[in-house]
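Take a look at this one; I'll ask things after.
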Amino acid sequence: MHTTGPSLSGVRLVFAVTGSIAAYKAVSLLRLLRREAATVNVVMTAGACRFVTPLTFEVLSGAHVATDLFEAHQEMLHLSLPEQAQAIVIAPATANCLAKAALGLADDLLSTMLLTTQCPVIFAPAMDGDMWQHPTVVEHVAALRARGAIIVEPEDGPLASGRQGQGRLADEERILAAVHHAVHPRRDWSGRKVLISAGPTQEAIDPVRFLSNRSSGKMGYALAEAARARGADVVLVSGPTSIPVPAGVEYCPVITAEEMHKALTTRLDWSDTVIMAAAVADFRPARPSAHKIKKRRGPVTHLDLEATDDILCELRDRRTSQVLVGFAAETDDLLAHAKEKLHAKGLDLLVANDVTAPGSGFGSDTNRVWLLAREADPEELPLLSKRDVADRILDRILTVHTGR
């Protein structure tokens, strides 16, 4: 099994299990953490104990499993456990667990412990897809992220309810990678200033309609989160998305291509790296209506469009020493179109993907990309989570900086 970073030898973790059917998967995850030589103290909620017995985790961890805030003959566990830990891993984390953590409620050992901890906290949620998409859960996840919590988002697939959706506990390797990032943080981007664009733009047809595209912004936000975690100062210029802004990132919201153009060009001199992950509209209505266009019988004969500014070309022409990175979302002849864009835009690096390929489309949590540089062979990455892709892109950008 591939892991990122050094092993967990000498690392002490608190591993919390909450009352989800996915609690049985926590057994395997605990074995993996122990195989990495971590010292693990397990905390179980009352709901978790209904799915898997504490004895199972006690045998595998080699330590007492804490289940009660008021356990007899025990020290103040809500204080002593997090004080000794380098990270807290909650897998699976239920909607109830996320709510209590976000709201600061403290009615059991785990929730009380989270109010005292100073170490990184990693949540790996698992629940039904409708629950994960519920506005309240979305708000709680955003609040936790804003405070610096690490959220390993659930995966899409068949759920215990028999439905299909995003709610399955993340793969063990993704959770393990998050643990490594938390306890062995990389700071190789410290001192660098990164300007990142993300998401779509919206070009008005009239006050209620607009032209846009299918970009979710997930790749750009993953890049912002990864760069910040590795020590960079990050400005994220984003079109409209529903994604929470990563903690510690300066956020500049925009709507139109013109607004994105202005936001990026005015911040160019501040940056040493520009990553253009946004899907900017190539065209906009030439004469948007000031009033809602009423539906009429018969076909709409035409909609006059005009080209938007080519932001990448202007950044190329105005840059001084910045590393300039672009993206190409293609549907055919991927490498041919990507190479053409790489040279036409004068980029240092281009990230290309086929949006029609499984796992690489708009809105997915994974991506399979090619990295193209002007004087190197194209490098194909395997299907990875977008956060892992972001780290691989940042690794490659560092080689460009080093080569200058």
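Just name the residue that is surrounded by the most Cβ atoms within 10 Å (Cβ to Cβ) out of those in the stretch 336-352 that are farther than 22 Å from N213 by Cβ and more than 23 Å from the chain's Cα centre (by Cα).
D348
Cβ-Cβ distance below 7 Å, separation of 6 or more or different chains: which pairs start in the stretch 391-404 with a residue that is under 13 Å from V325 (Cα atoms) and end on one that is part of a helix (DSSP H, G or I)?
Every condition considered, the pairs that remain are I393/L223; L394/A226; L394/A227.
Which condition number does K292 fail, the rest of (1) touching a residue at least 40 places away in the same chain (Cβ under 8 Å); (2) surrounded by 14 or more Cβ atoms within 10 Å (Cβ to Cβ) being met?
Answer for K292: the failing condition is (2).
I'd like to check something: does the stretch 82-99 contain any residue that is surrounded by fewer than 24 Cβ atoms within 10 Å (Cβ to Cβ), farther than 22 Å from S20 by Cα and in contact with a helix residue (DSSP H, G or I) (Cβ under 6 Å, 6 or more places away or on another chain)?
Within the stretch 82-99, one or more residues are surrounded by fewer than 24 Cβ atoms within 10 Å (Cβ to Cβ), farther than 22 Å from S20 by Cα and in contact with a helix residue (DSSP H, G or I) (Cβ under 6 Å, 6 or more places away or on another chain).
Pick out the one residue from G346, G361 that is assigned to a loop (DSSP other than H, G, I, E, B), among the small types (G, A, S), farther than 26 Å from A229 by Cα and not assigned by TED's automatic domain parsing to the domain that holds A177.
Just a single option satisfies the conditions, and that option is G346.
For (1) within 26 Å of the chain's Cα centre (by Cα); (2) assigned to a helix (DSSP H, G or I); (3) under 29 Å from G165 (Cα atoms), each residue gets a yes or a no:
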residue	(1), (2), (3)
K25	yes, yes, yes
R50	no, yes, yes
T56	no, yes, no
F70	no, no, no
P82	yes, yes, no
M113	yes, yes, no
Q118	yes, no, no
A124	yes, no, yes
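Considering (1) at pLDDT 95 or above; (2) closer than 24 Å to L115 by Cβ; (3) of a type outside the set (S, T, N, Q); (4) buried (at least 24 other Cβ atoms within 10 Å of the Cβ), say which one G47 fails and leave the rest.
Against the list (1) at pLDDT 95 or above; (2) closer than 24 Å to L115 by Cβ; (3) of a type outside the set (S, T, N, Q); (4) buried (at least 24 other Cβ atoms within 10 Å of the Cβ), G47 comes up short only on (4).
For the condition of a type outside the set (A, V, I, L, M, F, W, C), closer than 20 Å to D388 by Cβ and modelled with pLDDT of 95 or more, what is the one hit in G239, G220, G191?
Going through G239, G220, G191 in turn, just one is of a type outside the set (A, V, I, L, M, F, W, C), closer than 20 Å to D388 by Cβ and modelled with pLDDT of 95 or more: G220.
Quick test for you: out of D377, D332, D388, pick the one residue that is of a type in the set (D, E), crowded, with 19+ Cβ neighbours inside 10 Å and over 30 Å from D269 (Cβ atoms).
D388
If you go through the stretch 152-173 one residue at a time, how many are within 15 Å of the chain's Cα centre (by Cα) and buried (at least 20 other Cβ atoms within 10 Å of the Cβ)?
Result for the stretch 152-173: 3.
The values are calculated or read from the model by the stated rules, or taken from the named source; none is laboratory data. Note that this is a predicted model, so its numbers are computed, not measured. FYI the Cβ positions are ideal-geometry reconstructions off the backbone, even for glycines, and counts take in every protein chain you see.
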